[in-house]
Amino acid sequence: MKGWVAVVGAGALLASGMAGAQSAEGLLNILKRGLGNAPETAVQQAKSPYIGPAGMYWDLDPEDTLAGAQRLRHGRTSTGGGGAPTCDMQLVAMAHSEWRMGAQERSNCVRNEFNIVERVNGKAVAGSNSDADNERRYGPMLDARVEKFRSTRRFAVRHDMFGQGGVAYNERRRVLDAYVPIPGATALSVTGPAFVPWHESNGRAVWSPPNAGRFHMPVRMSEDDYRALTRRGREPKDDLVVFTVNRVWTEAGSPSVPRFDVTVERVHIGYRGETIEVDLTQRQAAH
């Protein structure tokens, strides 16, 4: 595995530094149990375009920590082609601010949990999908995650670089520009050091720049190395972003939208057989 040096001055890690994982809870535990004995799982998994070994998808991974940080659920599921959304970032907002989701958003969130369980375990395990049944089955799990999130501000998630972010090589600067999203926050507002601002202005007009709301991480790299990486192809299971939530708040003009100020600590971008791993805390410690 090669280490890369980011232009921002951070040293690349050579190991992930995974901390000991604690037992899975709530939905993660339900999913793990169902995967072992539900015939529906095999049928659904055969339909997935993302067939791969256990551990590639968040719903197959029993660990509740990543890189020593509290894991947020996001990304591809082992069944159902497009993956399944969760409301974990909204739960983080509730844990660290006075913001609360409305009744309709709550209903949508528990329905998302039903969809995840139904895809992996089948309808008999998931329930009737009525609003009342979803709230009874999955509402307590959401509430428990809010309480769990209150005890930490450091989170880790498998980011979706190509679904929500992206990479582009700049030949003149000899830099790979990575734009890293905070998954699950596309409808929210995330800012912080080195994030692309949501809005720019020239005094006459206001617009949203490319990659708005994403963390910009330039990585110094030769064009030959970049071409070699692209020939290898991507390995999403090795993607990772670790960040600390500094503050969550709402603004008077948009009280329904929680806003986050975060500091990114670590980013991994996975390629087959090689991973770009950058530890940004070294630069932060130098200031």
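The values are calculated or read from the model by the stated rules, or taken from the named source; none is laboratory data. From a predicted model like this one, the values you see are computed outputs, not experimental measurements. Here the Cβ is made from the backbone with ideal geometry for all residues, glycine too, and neighbour counts use every protein chain on show. Areas reflect the complete protein model, heavy atoms only, side chains present, ligands, DNA and RNA absent. Shrake-Rupley method; radii C 1.70, N 1.55, O 1.52, S 1.80 Å.
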Could you tell me whether residue 259 is assigned to a helix (DSSP H, G or I), farther than 16 Å from residue 71 by Cα and either touching a helix residue (DSSP H, G or I) at 6+ places or on another chain (Cβ under 6 Å) or open to solvent by 40 Å² or more (accessible area, probe 1.4 Å) (or both)?
-> no
Over the stretch 96-128, the set of residues open to solvent by less than 10 Å² (accessible area, probe 1.4 Å) and of a type in the set (A, V, I, L, M, F, W, C) is 109, 110, 116, 117, 120, 126
Condition test on residue 129, is it in contact with a Cys (Cβ under 7 Å, 6 or more places away or on another chain) and of a type outside the set (Gly, Ala, Ser)?
-> no
Lone qualifier among 184, 165 - being at pLDDT below 95 and within 30 Å of residue 228 (Cα to Cα) | 165
Does at least one position in the stretch 134-157 carry a residue that is out of contact with any helix residue (DSSP H, G or I) (no Cβ under 9 Å at 6 or more places or on another chain), assigned to a loop (DSSP other than H, G, I, E, B) and open to solvent by less than 20 Å² (accessible area, probe 1.4 Å)?
-> no
Check on residue 191, farther than 24 Å from residue 251 by Cβ, open to solvent by 30 Å² or more (accessible area, probe 1.4 Å) and among the hydroxyl-bearing types (Ser, Thr, Tyr) = no
Name the residue, out of 265, 251, 274, 223, that is more than 24 Å from residue 195 (Cβ to Cβ) and modelled with pLDDT of 90 or more.
-> 223
Among the residues of the stretch 226-247, which ones are farther than 19 Å from residue 259 by Cα and touching a residue at least 24 places away in the same chain (Cβ under 8 Å)?
-> 226, 229, 232, 233, 234, 235, 236, 237, 238, 239, 240
Selection from the stretch 60-82 of residues open to solvent by 10 Å² or more (accessible area, probe 1.4 Å), modelled with pLDDT under 70 and of a type outside the set (A, V, I, L, M) yields 61, 62, 75, 76, 80, 81, 82
Within the stretch 183-202, residues part of a loop (DSSP other than H, G, I, E, B) and out of contact with any helix residue (DSSP H, G or I) (no Cβ under 7 Å at 6 or more places or on another chain) come out as 183, 186, 187, 192, 193, 194, 196, 197, 198, 199, 202
Kindly indicate the residue of the stretch 150-162 that is of a type in the set (D, E, K, R) and closer than 18 Å to residue 271 by Cβ and also modelled with the highest pLDDT among those meeting that condition.
-> 158
Give just the number: which of (1) surrounded by 14 or more Cβ atoms within 10 Å (Cβ to Cβ); (2) over 25 Å from residue 273 (Cα atoms); (3) at pLDDT below 95 does residue 245 not satisfy?
-> (3)
